[in-house]
Structures are given as structure tokens and as C-alpha cells.
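Read through the structure below, which is laid out as C-alpha cells, and then see the notes.
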Protein chains: 8
Amino acid sequence: MEAGGPVLVTRVNEEQALAVRAVHRGVEYHPVPRAMSWVDEKHTLAPAVRGTVAVVSAGTADIPVAEECCLTLELMGHPFERVFDVGVAGVHRLFDRLEGIRESSVVVAVAGMDGVLPSLLGGMVDVPVVAVPSSAGYGANFQGVAPLLTMLNSCSTGVAVVNIDNGFGAGAMAAMINRAL
Amino acid sequence: MEAGGPVLVTRVNEEQALAVRAVHRGVEYHPVPRAMSWVDEKHTLAPAVRGTVAVVSAGTADIPVAEECCLTLELMGHPFERVFDVGVAGVHRLFDRLEGIRESSVVVAVAGMDGVLPSLLGGMVDVPVVAVPSSAGYGANFQGVAPLLTMLNSCSTGVAVVNIDNGFGAGAMAAMINRAL
Amino acid sequence: MEAGGPVLVTRVNEEQALAVRAVHRGVEYHPVPRAMSWVDEKHTLAPAVRGTVAVVSAGTADIPVAEECCLTLELMGHPFERVFDVGVAGVHRLFDRLEGIRESSVVVAVAGMDGVLPSLLGGMVDVPVVAVPSSAGYGANFQGVAPLLTMLNSCSTGVAVVNIDNGFGAGAMAAMINRAL
Amino acid sequence: MEAGGPVLVTRVNEEQALAVRAVHRGVEYHPVPRAMSWVDEKHTLAPAVRGTVAVVSAGTADIPVAEECCLTLELMGHPFERVFDVGVAGVHRLFDRLEGIRESSVVVAVAGMDGVLPSLLGGMVDVPVVAVPSSAGYGANFQGVAPLLTMLNSCSTGVAVVNIDNGFGAGAMAAMINRAL
Amino acid sequence: MEAGGPVLVTRVNEEQALAVRAVHRGVEYHPVPRAMSWVDEKHTLAPAVRGTVAVVSAGTADIPVAEECCLTLELMGHPFERVFDVGVAGVHRLFDRLEGIRESSVVVAVAGMDGVLPSLLGGMVDVPVVAVPSSAGYGANFQGVAPLLTMLNSCSTGVAVVNIDNGFGAGAMAAMINRAL
Amino acid sequence: MEAGGPVLVTRVNEEQALAVRAVHRGVEYHPVPRAMSWVDEKHTLAPAVRGTVAVVSAGTADIPVAEECCLTLELMGHPFERVFDVGVAGVHRLFDRLEGIRESSVVVAVAGMDGVLPSLLGGMVDVPVVAVPSSAGYGANFQGVAPLLTMLNSCSTGVAVVNIDNGFGAGAMAAMINRAL
Amino acid sequence: MEAGGPVLVTRVNEEQALAVRAVHRGVEYHPVPRAMSWVDEKHTLAPAVRGTVAVVSAGTADIPVAEECCLTLELMGHPFERVFDVGVAGVHRLFDRLEGIRESSVVVAVAGMDGVLPSLLGGMVDVPVVAVPSSAGYGANFQGVAPLLTMLNSCSTGVAVVNIDNGFGAGAMAAMINRAL
Amino acid sequence: MEAGGPVLVTRVNEEQALAVRAVHRGVEYHPVPRAMSWVDEKHTLAPAVRGTVAVVSAGTADIPVAEECCLTLELMGHPFERVFDVGVAGVHRLFDRLEGIRESSVVVAVAGMDGVLPSLLGGMVDVPVVAVPSSAGYGANFQGVAPLLTMLNSCSTGVAVVNIDNGFGAGAMAAMINRAL
């Protein structure tokens, strides 16, 4: 905060957030991504960007991770568009939104369970795809290991992967790619 | 052979096959699936079937496993159709063949690397999908563990899985499903 | 619900179910499989079927998974028969029920711990076996990995596997196999 | 050898055995278990025993491990009986031999692939079962890990396990159990 | 209970035990091994035995598992002796008790963390050792996998292993070995 | 080739390359990355780019993977600069080259063994880092799993990961990032 | 206590500590490392030492483990210096403290997430480094397995590793190294 | 070589060594540890040391790793003593050599299979123990993972671990500890 921020703290529960807000009134709590943010309005971030980041997610259970990514992009001053709940089990929903995704400059794709979405997107769009495995699943999902492996073994080109549930890391990577040099 | 067959031996190399053929002339060797078969023509298999089995595979490296499945179906007297090299990296090739796949009574789907194909098929066809992970891949593929997990975690319904590289098991399961009761 | 259903939601606890029922009165909660279902009576499901599905389970701890399978079959309109608590530790109980199992058109076999049941059934019946590892066990069971591996390595033919504890997936696969084309 | 033996060396190939025999003429090589043995006839082993050890194996691929066990028992002076190729895929063969197995004082059960045999035996005999996973298998067998886990999670009582392919260890444990105190 | 018992139920918490005792007054709860037992005094078990079972454990954290083994032996009518807290970190305590252990007919050795105790015992006693890994430990212990692997790889002969924390299984195996045929 | 290329085939040995060259004379073999390439001079690739790609590698054993990345970039028409053998064991060599790396538009960082290099770079440069674990190492390296995990858990922001030894994938991702939109 | 101590008990929560202090008043509870200590002032420890131990940690989440190490050193009578929060994400903070670290006789380095710190230190200091992986992290961190592997594969010489979160073990090893013989 | 050495190259086979010696005559090849060394006599290493390093190994299969450690110590100018083949299966051999080990200033302990030796030594000596798991073993040894875990979970204090088969790393760590500051 002394450096002017912005500040983002992830993996915070409501009780912890309330304790911090008792001290720092300007801090905002975001219950879906379970994150806390603080922005100093005097330090408006307005980086030169290449375009819009498409934040695509497969199922409703992946939304907290996707929202952590969105919050990161917002704090870093990058425009983004949510394309949620377009996983492969109802693949027509993805096809309906494909044109919009193709106009973005970089795609973040969040998926749990079988983690198929980034592979499919990688084969259909022509911009970098940052893949985020989510821990949504059970049994042989192993808390996100299954989609992590699916994404690391993607047959499509232009796909790279961050840690399980790491919406922040995906947002930061996407922002770095999206920056106009 | 004493029981009239048919006989199928998998994971046989050419040298082993030659040694057997020196003793049993009627045995045939199939170099792609690396299998040996023997059929007694007097015992013609003609089971009542429900339809055709679609044997779908993702990449050229998956063909030996897919051919082991085809050979199994052939020996068990079930009609089948090959739909090879239609993986998700060039997903339009799959869409071109989709109509034919939908007319089958059961689908066998072989895929290595990210193992995405059965999930995608499961979302687009309305018959049982027997998924076979192949060991084609490297690194975090772990000799087929990555596609095995992808398939076990499939978001699509109507998908069940056999062991890595088990083309025979997939063929036998498909035949059992395809039998008219 | 707008589409007429039926609707099945799994992995629901009682508190969650009560919250939903406060809004949607017609929803039913099933405490054993921990699932919620909704059927619109106007949309009676009556698919043409091939026969009865035998839902076989090894121990009492596997019953929630087996019941999730039964509920799935019921909602999809398929007749089924419960054959519970016939695991290999008291193998004579399985032998007592074998005749009934053999008359079914497809078998679902649920087992935890060593996961031996589907292998044994696969060697004794002549219809497809959908194997479901349950997470019942401890220590080197690894929450169902042990029976999952047992089932994937089954020496018997006509066995395919779904995810650990995936009673729904097994029911859906069995229904798809059991449908008269 | 100086201590009078007997000596057993396992995991020896033919070339190594020939090199040893060039120096020690009395050494015998056993190609199936790939082991080398040496017995000093002056030191005849004749321990007091409780009965016969049944060495049971599931498939033909398990025979080298089973034979390593038999050789160990022979050198230690314990009577044993081979019951080979009675795995669960053709379970009637096991039932045909069951009476003989029940008359033994201890059972060694060797199985690869799904490793189901010791669980089944444990439920049907009333003496200790020493289970040996073999590395016969492929894919999700993981060189014997699958049957190892099956055996460690056995629902039957009176089963304990040795290392994968450890025919020697199983024989030594069986001999120790079989010794009349 | 209808069959006359004895009955042993493991992994029971106090609340569950109280609920059962409200119905079956004769049931006894054992808080250390967290087990419930019931014995019908009319059915006194008095099997012919070979000797005493030594139940040896490494640390105080292993005592619940060791006591589950003791309770099993007691219910099955076998004499046993506790030799607790003699792990390798204070190896002199083991040496002090060694003579007593050597006089037993079979040893059960429970150890968590590095699981070294059964290997050491196997090298110093001349009777069968049933090794039980306990889940006591943290980090790279992986809930008992570390001592499980130590025990499976024991360099000493006459050691066989049961599942992690399976005090019951070890007791049942020891009893079976200890029975006079 | 019919489509005009360029064509890149990875994981090719010399013998295979010679066989292809006997048929297609224009194909070139690259022994260090063990890859085969073919370019049609009429189809000169000259994409608009953002800058130079820095291909950084830790040890000499990582050079084949780094060279596979360089070859990919060359075929796709992107300028790149090699910064090899600057791993953390001799960290001053990295510091000597840091200025040049900072002027690139995207960094590819290849490292085996402990895989520390991308984390360190991520903390010192301000452009996206594509991390490639190599399988160079032994023991608890597990053929590249150790550096893969190091990279996925990087504390630095702006790091995303591709499969073990996947120099091609890293090059393609870097090219996609480096393209001027 | 009877032997005069000092006594250190780790992994104790506050409630447990209070229960002990009700009986033994002299026992002290340390909430950060969650440990309990007791020292008999009559038994002052004053070992001859070689120098100061530098206890270095990467992030704030690693402090409990680092403090367990400090407490161990204190009880064993070794001088130490805390160098906390100097992980690789803000590597300049490490460089600021480097001179002090170089003057120590042995370094303990605690790090979670990617576990990069000990490798980096190993390349920059000339005394033994005892590396402690902490379980701070998520996803593909696997509760400290990722930094454990990073440390075991360190390219730097003079690094050895203790168990995940084992601050006590690292302190004891450092003390043993630091003792003047 | 330009810097005056000494030079040590590990994991070299004879053919590679011959190729190097054709160019650099002074290079020496050591077939047991499979290493190549070069020393410039003008640069005699004579570090001030604290004492002798005891290099202890469990089985004959561990000798190559132990010898790699000895060679490292020799090149770095530290006195050492070999104590080989004293594993826990014949534990009296260890007791015979214990006095000598206790007089050393630091112990390196190499063990494969169950990896029990360093734990046992840690409980009996009063100097730092550097533990080296070797990959000698089979089955559930997993190429040295079993002894690695045993050593990381050692109940004894004063034990730290290096990578599997890393005789060089153990020697370098021991030398660093043994240096007189």
C-alpha cells in the first residue's frame, strides 16, 4: 500500500477480510474468487494494451477461478470478456461464442474434470491460450491433476499452462502477453 | 485350437510369430497391431448384431491400438468401420465424419496425448462410447496415464474406459454391447 | 426444468436440498445416494429397453454409489435389480444370486477396497459389465485408486470402467447399452 | 559356500551363470526362475514341517515368480505342490483344484494383472495366504503396482503381502510359517 | 451376533458406539483402538495354539494400531504380549526386550514414520514377522506410504506386510499362523 | 508439403531421416534437436513480429530441447537469440547476459534437474516467460517431473509451462505471443 | 524431564499445551511454531560451537517452520540469525542480506511453493546448506512435494534435505554440523 | 582444466572415457563409480579438515554409489574410510565396525532396498549423517524412491538426504561439513 498498489490478496475467507477491513477501510472483498483488493485512485493504471482478453470457463464450478483471473486483469487495467459455462459436454454453447473469442488478443481457458476445453480452443483460435486446470472434480480427478495433465499434453499448438486453480497467475500471464510493448 | 477357436494372441513380435507359424501353418500375423490370429473356417462366427461398430482414433500413432480393436471385432464376427486420424488438433476432420459415426451402434474411441477425443464424441453421439487411452505421447503423458485420467473424468455421459493400449479389451466390450440379445 | 427434465443433481447434502426445495417444491431428496431429483409427470420416460440392469455391489459401504446408479436408471426409465453385499469375502452369497445376474442385459458392479467383484463377475457372466470403483477403504486404498486399478487390469473380457464413486456415470452408460436401438 | 549353504542367487541371467559355473562346478542354473543354487549334499536340510505348501499362480506369465518360490522351498527342505494357471478369468480351474489347496498348511498365491487370486483364495481357505504380486501386465498395471494394491486391500482375512516379483521372499515366509516349532 | 460371534467392528467413534450400545447392551467399546467388540460367553474360543504372539510397536503414536491387533488376538483366543515403544530412535530399548520377542511363535511389528522396526526385527528373530505400517508421520510420509514401502523392500527374510493401519488384518494373519494345525 | 509448408517433424532419428530424404530430397535433418524440416522457398514466411525471442537454457544437457525451440522459431520466421548454459549453479553467467534478455519481447526458458531458471528469470524480467522442463536429471528427478513441478509452482508472475522436453510447443507459444496483431 | 531436558514437543495446538501446563508449570508454549519447550535452568546448555547458524526463509508462510528450527537451535544452545522473507520473487532482498549469510557456519534454508531458495543459496555461499521444503502452496505443490523435489535435484553442491516442514530436524542437523568437535 | 581443476565427471561409460582420453591423456577413468577425474599435480589440494569421513554402505550393489562418494572426497582432499556391506540383514557386521564409525567427524550412509541403514546409524552415532538412497532394488522399490522416503522420514536426528544415487553430492556435502572453518 505504501508503494501505491494495486494490491491483490487471494485465498482469503470472509472472516479474514473483515479483520483487514477493520484496519484498512478502502479494501474490497470479492466473495466468489475469495480475494481482497485495494486500489489507490490516484494511481490509475492505464497500460497500453493489444486488445481484449477472453476469459473462458467450462463449468459453473470453475467460475471462482475464472473470476480470480478477471479480478487480476481488472486491477492491472486490461479489458476482458467473460465467456463462462461453455464446456465440452454442451459443445454447441462454445460454438455460439466462438466468433467473439476469436477477436480477442489472448485467451484464458479454465476447466476442471477432464480439462478438455483449452485443447479444443487451441485447435480453433489463432491467439495464445493460457490454460488453467481447476480442482473441480472427484475420484480420479485428483484435485485437478487430471485436467493439468490433459492441458500439458494438449495436441493443439499455442497452449501453455499455469498451476491448478491459479486464476491470478493466468491473469498476470495474459496481461503480460496483452501489453503493447 | 482344440476348441475350434477363434484364437487371438496380442503383443507378439515378428520373430515370435514366425516361430509359431513354423508349427501351425494356419496362423496369421498382423504386423500393425502386432497380433497373431487363427480361425477355423468350419467354425464360422456369425453372431446376431445390433449394427456397426465405429472404431475412431485420434492420431496416426494410435493406429496399432485401433487395429487391435478391429482385428478383435473381425474375429468375433462384428461389422466395423475405421474412422482414423480425426483428433482434436484438426477437429474439422472429425466433423466431416460425424454423420457416419452417429449411425453406428457403439463407438470405440482411441486417443493418446491429451485423450480429448472420447469426451468430445460423448458429447456429440447418442450411443455408448468405449474409450481406450493409448500410450502415444511423452513427458507428462506418463505412458498413457494422462489420457486415461482425461477419459475417466469425462464430462460427457455414456463413456466407459479400458486399460491403456487395450485395443482387444475395447473390441471385446464393444462386441458384447453390439450383440443382439 | 424448463426443458421438461428429468433432472438429477448428485453430491448434494441435506441442507442444500432443503434450500432448493424451499423454492422448487417438486424436488425430491434421496439421502443414501445424497442426490436430488425432479421429474415432470407429463414427460413420462418410457424408452424401449433390452432387459433388466443388474446393479451388484460388494459391501455395505458401496451402497450409496450403487443407489446413485439405481436412481439414474429409474429416472431414465430402465428396469433394474439390486444385488447388494455379495463381495468376495463371502463369495457364496454371490454364487446364490448368480442365476439372476446372468438373466440381466447389462451388469453394473460397484466395489471398493480390493475391487475384485467386477473381475469375478466378468469371468462368470456373458453380458457387458460396467465397473465402478468406490472410495470405501483406507491406507493403500488411496480413496479408490486401488479398486480402480484392479478393474482397469481385469483379466476378464467385457469389463469397462467409470470414475471412482461415479454411480451416475455407470447408470447412464448401462442405460445407453440397455436401450433397444 | 564356506558355511555349507544352501546358496540361492536370484535375478541371474544365463551368461552370468555360466561365468560362475566355470569357477564353481556344483552350481546349478534354473532358467525359468532365472536363479542359481548350490547345495552341499553333506548338509542335508530336513526341518520338521507342519505340512505341504501350496504354490498357486494365476497365469502362465506368473510362472517364473512361482518357480522362484518353489526353488526356495526346495532348498529349505519344505514339501510343496504346484497349482498353476488357475486365475480368475477361468475360475472353474481354480475350483477343480480347491480341495488340494485346502489340505496344505500355508498357501503362496502369485498373480499379476488385476491380482485377484489371493483375495479369492483368502475367502475360501482357512490357512495363511502369502500373496505375491507379479509384474506381468501393461498400461495401468504399472509393473505390478495394481496387483500389489489389490492384495494389500484384500477384503479376506489371513492375507499378507511381499514385494512385487519376490518369489524368494514368499517362499522364505511360507517356510518360516510351515516350520514345526 | 446370531451366529454366536465373536464380533469386532473397527474404525468406530464414541458417538457411534454409544448408539449401538443403546440397542445391544453387551457390546464393549475400546477407545484406544477405536473398536467395538461383542463376545457371547457361551461360545468360549479356545483354539489350540503354537505359542505367544509378540505385538511390537515403534512409537507411542502407533499404539492404537497395535491395540487393534491385540484386541483381535484376544477375541480369537490367542495369547499375546505387548512390547511397545521400542523404535529404532532408542534402539537399546528394543535390545532390552529382544529375548522375550525371540520366544514368541510369531511377531507383529507396527511402525510409522520410517518403518524401520520390522526390517531390524526380521534380521534378529527366527519366526515370521507380520509388518504393519502405521500412518503416523507427516510430509514425505504420505500417510503411511513411506513405512509401507520400507517394509515391502525389507532386506530381511520372513517379513510380510498388511495394509496401512490394518491392526485387525495383522492380528488375524498372526492368529492363523499361530494356530496348531 | 502439398500445402506449401513449412513442415517440422520432431523426435526423428538419423536412420528415419535418411529414409525420408531418399524420397524427399529437400528435407533437412538437424541432429541436435533430432528434427526434420522442409521449407518451400516460394513460400517465404515473414510475419510481422513484436521483437526478438530469447531462448535461454540452464545446462548443456538442455540444448537439444532449446534447439528444437530455435528451429521452430526459425521456420515460423521469428528472430531469436540463444542464451545457453546460464543455470543457477553458476548464476553469474546469467547476470552477465541479463541485459540482452531484458530487451527481448518474450523469453523461453529451458531447464532440467531442479528447474530453477524460469522462476529466477520471472523475477528479473518484465516480459512473458514460457517455461520448458527438460528430462535431464536422474533419481528423484523422475524424467523431468521435478522441474515441471518447480515451474508450475513458480513464485514469480508471468510464467506459463509446456510439457517436458516440448521445445516445439514452447517455440510455437512464443511465436504466437511475439506476433504483431 | 527426569533426565534434565531440554524437552521439545512439536505439532502441539494451544488446547493441548494448556492441558500440559496445568500439570507442568515450567512448560512454555510457542504459538508460531506450535511447539512446547521445557528447560531446566540448572542444566545450562553451552556447547562449543563453530559459529552462527543462518536460518533463511523464502515467504511469510514459511515462518512457522523456520521458527521451529530457531527454537530447536536455541534449546540446543547454538547462536542463530533470522533472515526471513527473502524468496526469489523479490530476489534483491536476498542479495541485500547475502553478506551476513556468508559469515555463518551453516545455513538452514526453508522454502515452499517452488522451493528455489536453497538452490540459489547453494550457488552463492560456501558452507553446508540444510534445505527444508515447507508445505506452503496449493495445486501441483502437493503439500510440499514440489519444493522437496526441487531441493533433492539441486544443481548446487553442498545441499542436503530433510522432510517437509521438518524445522526441528533441520535445526538438529545444523546444530550437529555447527558443534566444535 | 584451464582453471587448474580438479575435474570430476560422473555417469561416464568406458567408451566415452576412451574418447576423452584420446584427447586429454591425464584423465583417469574409474570403472566402479563410472566416473572420470583429472587432477593437476601443481594444484595440490590440502584443505584443513576436522577429521575422517566414514563412507558406510549397506549392500554390495550400493558400492558404485559409495565409490563415487569416495572419489569425490579424494579429489577434494578429505581423508575417508570405507565401511562397506554392513546392512541391516546382517546387523552384527555393523556392530563390529561401530567403534570406528563413531570416531569419524561425519558419516555418509548409502543404502538401497529398504534404506534402513542411515536411520539405524543416526540412532547410534553422534555426528551428522548424510544419507544417500541407492536405486538398488526392484518392484515396490521404484528405483530408489522407497529408501529415499525411509531416509526422509528417519526417526533419528542428525540425518539429511541427497538425491538417489548421488554419491557425488553426498561427498561434496560431507567435505563441506568436514572443512575446518
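The values are calculated or read from the model by the stated rules, or taken from the named source; none is laboratory data. What you are looking at is a predicted structure, and each value in this text was computed from that prediction instead of being measured. Glycine gets a Cβ as well: all are built from the backbone with ideal geometry, and neighbour counts include every protein chain shown.
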Next item on the list: Evaluate the following for A:Ile177: is it facing another protein chain (nearest Cβ under 7 Å), within 23 Å of A:Ser104 (Cα to Cα), in contact (Cβ under 8 Å) with a residue 24 or more places away in the chain and not aromatic (Phe, Trp, Tyr)?
Entry: yes
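Going by what's in this entry, would G:Asp165 be described as surrounded by fewer than 24 Cβ atoms within 10 Å (Cβ to Cβ), acidic (Asp, Glu) and not in a strand (DSSP E or B)?
Working: surrounded by fewer than 24 Cβ atoms within 10 Å (Cβ to Cβ): no; acidic (Asp, Glu): yes; not in a strand (DSSP E or B): yes.
For G:Asp165, the condition - surrounded by fewer than 24 Cβ atoms within 10 Å (Cβ to Cβ), acidic (Asp, Glu) and not in a strand (DSSP E or B) - is not met.
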Check: Does region C:125-132 include one or more residues that are in contact with a helix residue (DSSP H, G or I) (Cβ under 6 Å, 6 or more places away or on another chain), buried (at least 20 other Cβ atoms within 10 Å of the Cβ), farther than 15 Å from B:Val161 by Cα and more than 14 Å from chain E (Cβ to nearest Cβ)?
Finding: yes
Check: Could you say whether any residue in region D:4-12 is surrounded by 19 or more Cβ atoms within 10 Å (Cβ to Cβ), under 30 Å from D:Val88 (Cβ atoms) and away from chain E (no Cβ under 14 Å)?
Finding: no
Next item on the list: Determine which single condition E:Ser37 fails, assuming it passes every other condition in (1) under 21 Å from C:Ala136 (Cα atoms); (2) touching a helix residue (DSSP H, G or I) at 6+ places or on another chain (Cβ under 8 Å).
Entry: (1)
Next item on the list: Give just the number: which of (1) within 26 Å of G:Gly139 (Cβ to Cβ); (2) within 11 Å of the chain's Cα centre (by Cα); (3) within 14 Å of chain B (Cβ to nearest Cβ) does F:Ala136 not satisfy?
Entry: (2)
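Restricting the search to region D:1-20, which residues are without any contact (Cβ under 8 Å) to a residue 24 or more places away in the chain and among the hydrophobic types (A, V, I, L, M, F, W, C)?
Our first condition is that a residue be without any contact (Cβ under 8 Å) to a residue 24 or more places away in the chain; within region D:1-20, this holds for D:2-3, D:13-20.
Matches in region D:1-20: D:Ala3, D:Ala17, D:Leu18, D:Ala19, D:Val20.
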Next item on the list: State yes or no: is C:Arg50 charged (D, E, K, R), modelled with pLDDT of 95 or more and surrounded by fewer than 23 Cβ atoms within 10 Å (Cβ to Cβ)?
Entry: yes
Check: Taking interchain pairs and intrachain pairs at least six residues apart, which have beta carbon atoms under 9 angstrom, with the first residue in region C:24-39 and within 17 Å of C:Val65 (Cβ to Cβ) and the second among the β-branched types (Val, Ile, Thr) and part of a strand (DSSP E or B)?
Finding: C:Ala35/C:Val9; C:Met36/C:Val7; C:Met36/C:Val9; C:Ser37/C:Val7; C:Ser37/C:Val9
Margin query: Which residue is nearest to G:Ala46 (Cα to Cα), if the candidates are limited to region G:139-158 and must be crowded, with 24+ Cβ neighbours inside 10 Å and more than 7 Å from every other protein chain (Cβ to nearest Cβ)?
Written below: G:Met151
Next item on the list: Within region B:127-146, track down each residue that is part of a helix (DSSP H, G or I) and under 17 Å from C:Pro133 (Cβ atoms).
Entry: B:Val145
Check: Do we have any residue at all in region H:88-96 that's closer than 19 Å to E:Ala111 by Cα, modelled with pLDDT of 95 or more and more than 13 Å from the chain's Cα centre (by Cα)?
Finding: no
Notebook entry, point to check: Can we say A:Ala109 is at pLDDT 95 or above, buried (at least 24 other Cβ atoms within 10 Å of the Cβ) and out of contact with any Gly (no Cβ under 7 Å at 6 or more places or on another chain)?
Noted result: yes
Next item on the list: Select from region A:24-33 the residues that are at pLDDT 95 or above, of a type outside the set (Ser, Thr, Tyr) and buried (at least 17 other Cβ atoms within 10 Å of the Cβ) and list them in ascending order.
Entry: A:His30, A:Pro33
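Consider region G:72-89. How many of its residues are part of a loop (DSSP other than H, G, I, E, B), in contact with a Pro (Cβ under 8 Å, 6 or more places away or on another chain) and of a type in the set (A, V, I, L, M, F, W, C)?
Matching residues across region G:72-89 total 1.
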Notebook entry, point to check: Is one or more of the residues making up region C:34-41 surrounded by fewer than 16 Cβ atoms within 10 Å (Cβ to Cβ), under 16 Å from B:Thr157 (Cβ atoms) and of a type in the set (Gly, Ala, Ser)?
Noted result: no
Check: So which of A:Ala61, A:Ala89 is touching a Ser or Thr at 6+ places or on another chain (Cβ under 8 Å), over 18 Å from A:Asp165 (Cα atoms), of a type in the set (A, V, I, L, M, F, W, C) and within 14 Å of chain C (Cβ to nearest Cβ)?
Finding: A:Ala89
Checklist line | Selected residue [at positive phi and hydrophobic (A, V, I, L, M, F, W, C)] from G:Met76, G:Met113 | finding: G:Met113
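Hey, does region E:1-23 have a residue that's of a type in the set (Ser, Thr, Tyr), over 20 Å from the mean Cα position of the chain (by Cα) and not in a helix (DSSP H, G or I)?
No, that holds for no residue.
Would you point out the residue of region H:13-23, among those that are of a type in the set (A, V, I, L, M, F, W, C) and surrounded by 14 or more Cβ atoms within 10 Å (Cβ to Cβ), that is farthest from H:Thr72 (Cα to Cα)?
Of region H:13-23, the ones of a type in the set (A, V, I, L, M, F, W, C) are H:17-20, H:22-23.
Those still in the list that are surrounded by 14 or more Cβ atoms within 10 Å (Cβ to Cβ) too: H:17, H:20.
On the way: H:Ala17: 18, H:Val20: 20 Å.
In this case the residue turns out to be H:Val20.
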Notebook entry, point to check: With (1) over 21 Å from C:Met176 (Cβ atoms); (2) in a strand (DSSP E or B) as the list, and C:His92 as the residue in question, which single condition is left unmet?
Noted result: (2)
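Okay, residues lined up against (1) closer than 17 Å to F:Pro6 by Cα; (2) outside any loop (DSSP other than H, G, I, E, B); (3) in contact with a Leu (Cβ under 6 Å, 6 or more places away or on another chain):
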position	(1), (2), (3)
F:Arg25	yes, no, no
F:Val32	no, no, no
F:Ser37	yes, yes, yes
F:Glu41	yes, no, no
F:Ala54	no, yes, no
F:Ala61	no, yes, no
F:Cys70	yes, yes, no
Next item on the list: Give D:Val162, D:Val108 a once-over and let me know the one that is more than 18 Å from C:Pro118 (Cα to Cα), touching a helix residue (DSSP H, G or I) at 6+ places or on another chain (Cβ under 7 Å) and touching a residue at least 60 places away in the same chain (Cβ under 8 Å).
Entry: D:Val108
Next item on the list: Consider only pairs whose beta carbons are under 6 Å apart and that are at least six residues apart or on different chains; among these, list those whose first residue lies in region E:62-81 and is more than 28 Å from E:Tyr138 (Cα to Cα) and whose second residue is in a loop (DSSP other than H, G, I, E, B) and not hydrophobic (A, V, I, L, M, F, W, C).
Entry: E:Leu75/E:Pro6; E:Gly77/E:Pro47; E:Pro79/E:Thr52; E:Glu81/E:Thr52
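Residues of region B:103-124 being part of a loop (DSSP other than H, G, I, E, B) and within 11 Å of chain A (Cβ to nearest Cβ), which ones? Let's see the steps before the verdict.
Taking region B:103-124 and keeping what is part of a loop (DSSP other than H, G, I, E, B), we get B:103-105, B:112-116, B:123-124.
Listed by number, the residues that qualify are B:Gly112, B:Met113, B:Asp114, B:Gly115, B:Val116, B:Gly123, B:Met124.
Quick one: is C:Leu149 over 16 Å from the mean Cα position of the chain (by Cα), at pLDDT 95 or above and either assigned to a strand (DSSP E or B) or among the aliphatic types (A, V, I, L, M) (or both)?
It is true that C:Leu149 is over 16 Å from the mean Cα position of the chain (by Cα), at pLDDT 95 or above and either assigned to a strand (DSSP E or B) or among the aliphatic types (A, V, I, L, M) (or both).
Give the residue that is nearest to the other protein chains (Cβ to nearest Cβ), with candidates limited to residues of region B:43-52 that are among the β-branched types (Val, Ile, Thr) and in a loop (DSSP other than H, G, I, E, B). Can you show your working first?
Kept after step one, since they are among the β-branched types (Val, Ile, Thr), are these residues of region B:43-52: B:44, B:49, B:52.
Among the residues that remain, those that are also in a loop (DSSP other than H, G, I, E, B) are: B:44, B:52.
Values: B:Thr44: 20, B:Thr52: 11 Å.
Per the stated criteria, the residue is B:Thr52.
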